[in-house]
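Notes for the one structure printed next.
Bear in mind that the values in this text are calculations on the coordinates, not laboratory data. None of the values given here were measured: they were computed from a predicted structure. So basically every Cβ, Gly included, is an ideal-geometry build from the backbone, and we count neighbours across all protein chains shown.
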């Protein structure tokens, strides 16, 4: 199975950057970068905030086909 990161994919699809997301969430850009490279993952509260900022359902960030 290839190493897939849904957050990174959705950011590209929505034409948003990890820097934009960091600013929207009030997080350090390096934190968001770690989420996008699977070094760490956001907690569920933050995951819901990310989904809201990107105007998607939380399942779209979790779903892997």
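Figures for the structure shown
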item	result
Test for residue 22: is it surrounded by 15 or more Cβ atoms within 10 Å (Cβ to Cβ) and out of contact with any strand residue (DSSP E or B) (no Cβ under 7 Å at 6 or more places or on another chain)	yes
Counted residues, region 30-47 - those being assigned to a helix (DSSP H, G or I) and surrounded by 14 or more Cβ atoms within 10 Å (Cβ to Cβ)	8
Count of residues meeting criterion [free of Cβ contacts under 8 Å to residues at least 24 places away in the same chain, in contact with a helix residue (DSSP H, G or I) (Cβ under 9 Å, 6 or more places away or on another chain) and not in a helix (DSSP H, G or I)] in region 1-29	3
For residue 63: the one exception among (1) in contact (Cβ under 8 Å) with a residue 12 or more places away in the chain; (2) surrounded by 12 or more Cβ atoms within 10 Å (Cβ to Cβ); (3) at negative phi	(2)
